Amino acid sequence: MARDWRKLDESDVRVRPGKGTRPRSKRRPAHSDAVTAMVVGKDRGRWTCAVEADPDRIVVAMRARELGRTPVVVGDTVDLVGDTTGAVDTLARIVRVADRTSVLRRTADDTDPFERVVVANAAQLLIVCALADPPPRSGFIDRCLVAAYAGGLEPVLCLTKADLAHPAPLLAGYADLDLPVVVTRHDADPAELRERLTDRVSALVGHSGVGKSTLVNRLVPDAFRRTGEVSAVGKGKHTSVTAVALPLPDGGWVVDTPGIRSFGLAHIEPDDIVAAFGEFVAAAEECPPGCGHRGAPDDPDCYLDTVVESGDARPGRLASLRRLLASRAGADDAPDRNSDDQTI
């Protein structure tokens, strides 16, 4: 018979705890059997990884639940568990992401506070620029230099189409930066460039028409096939439009970064750029709070001028530094600073 509810008290009521109140262990598996891999591609919530950075051991993986929304990008070093055979229709799990040694970051524009990591752990940034057709854009080069210095990558300027114009006029503006330069042309093998990239992880950037795809195809003869392979998600293959790492025949990786329409620098502070110019670092600490280090009239009390006056730095170095700071601030009115028609 049913009990009379009017005669019930607290001791007669039993409440089943919800799922959120159940005690849960804080212990997590150590994953001592995990294998190390390099992320070489990403597509629709799946990451393509090269086990031990071996291009012949490709595995498709998903992010483990315990990682939450931890970002995983091309170039990251990760630990994998589960099925790491790479067989069709199999998935491994990414359980750890190692600390990054460098990051290539950007924002959608110079006012966007949300930064995006494009490539991780690249040793150098290859800035591909044509000497003609299309004409070189110094503003684009400056913004790439800022991103490289701030992210811990070594910038390398790669000038293409040297058969159409001489590089001297453009290089004159970068003489005081001690910037490595490689000059290529369509009718010659890029042997010097290949030597610089061998056994290193290098990211490539360059706007449309400068010959970046031609370089990639020469450096990686089967680049189109490789792009399809690292875009595989276990069921079929397709060409990715995001960053993708391609193995070089003689060792090393080149990361092609198509599809980025703009290179915003809202996430970069002036001191991030100054840090790449060692002779000015100590003086920057003497500058007043909020100093942009651009000199008069914007920063009349900037202390960097004293380094040049004392003879500890070349005037051209300070001028180059301030040009980069102006590019970061968007102060230069040149149309190529952050135009929508550039693709990197």
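Filter region 92-132 for residues that are of a type in the set (A, V, I, L, M) and surrounded by fewer than 15 Cβ atoms within 10 Å (Cβ to Cβ); which is modelled with the lowest pLDDT? Checked region 92-132; the qualifying residue modelled with the lowest pLDDT is ALA132. A single member of PRO180, PRO169, PRO221, PRO136 is open to solvent by 20 Å² or more (accessible area, probe 1.4 Å) and touching a helix residue (DSSP H, G or I) at 6+ places or on another chain (Cβ under 6 Å), and it is PRO136. Within region 195-218, residues that are farther than 15 Å from VAL156 by Cα have Cβ atoms under 7 Å from residues that are open to solvent by less than 40 Å² (accessible area, probe 1.4 Å) and in a helix (DSSP H, G or I) in these pairs: HIS207/PHE140; VAL216/ALA223; ASN217/ALA223, counting only partners at least 6 apart in sequence or on another chain. Taking region 305-325 as the search range and keeping residues that are of a type outside the set (D, E, K, R) and in contact (Cβ under 8 Å) with a residue 40 or more places away in the chain, which one is most open to solvent (accessible area, probe 1.4 Å)? By that ranking, first place goes to ALA319.
With respect to ARG261, is the statement that it is modelled with pLDDT under 90, within 19 Å of the chain's Cα centre (by Cα) and either more than 30 Å from PRO55 (Cβ to Cβ) or not in a loop (DSSP other than H, G, I, E, B) (or both) true? Judged against the criteria, ARG261 is not a match. With respect to VAL59, determine if the residue is modelled with pLDDT of 95 or more, open to solvent by less than 100 Å² (accessible area, probe 1.4 Å) and either of a type in the set (S, T, N, Q) or closer than 14 Å to ALA98 by Cα (or both). So VAL59 does not fit the description; no. For region 291-304, name all the residues that are open to solvent by 50 Å² or more (accessible area, probe 1.4 Å) and either within 21 Å of ILE268 (Cα to Cα) or not in a loop (DSSP other than H, G, I, E, B) (or both). ARG294, ASP298, TYR303 - these are the residues of region 291-304 that are open to solvent by 50 Å² or more (accessible area, probe 1.4 Å) and either within 21 Å of ILE268 (Cα to Cα) or not in a loop (DSSP other than H, G, I, E, B) (or both). Screening region 74-86 for residues that are in a loop (DSSP other than H, G, I, E, B) and in contact with a Leu (Cβ under 9 Å, 6 or more places away or on another chain) and picking the one that is most open to solvent (accessible area, probe 1.4 Å) gives ASP83. The residue that is surrounded by the fewest Cβ atoms within 10 Å (Cβ to Cβ), among those in region 231-255 that are at pLDDT below 90 and within 18 Å of the chain's Cα centre (by Cα), is VAL241. A single member of LEU153, LEU159, LEU145 is touching a residue at least 60 places away in the same chain (Cβ under 8 Å) and either out of contact with any helix residue (DSSP H, G or I) (no Cβ under 7 Å at 6 or more places or on another chain) or open to solvent by less than 10 Å² (accessible area, probe 1.4 Å) (or both), and it is LEU145. Scanning region 191-216 for residues being within 19 Å of the chain's Cα centre (by Cα) and farther than 17 Å from GLN124 by Cβ gives a total of 3. In region 277-290, of all residues being farther than 18 Å from PRO315 by Cβ and touching a Phe, Trp or Tyr at 6+ places or on another chain (Cβ under 8 Å), the one that is least open to solvent (accessible area, probe 1.4 Å) corresponds to CYS287.
The values are calculated or read from the model by the stated rules, or taken from the named source; none is laboratory data. Please read all numbers here as calculations on a predicted model, not as lab measurements. Every residue, glycine as well, gets a Cβ built from its backbone with ideal geometry; the counts of neighbours run over all protein chains shown. Remember, those area values only see protein heavy atoms, side chains included, never the ligands or the DNA or RNA. Shrake-Rupley method; radii C 1.70, N 1.55, O 1.52, S 1.80 Å.
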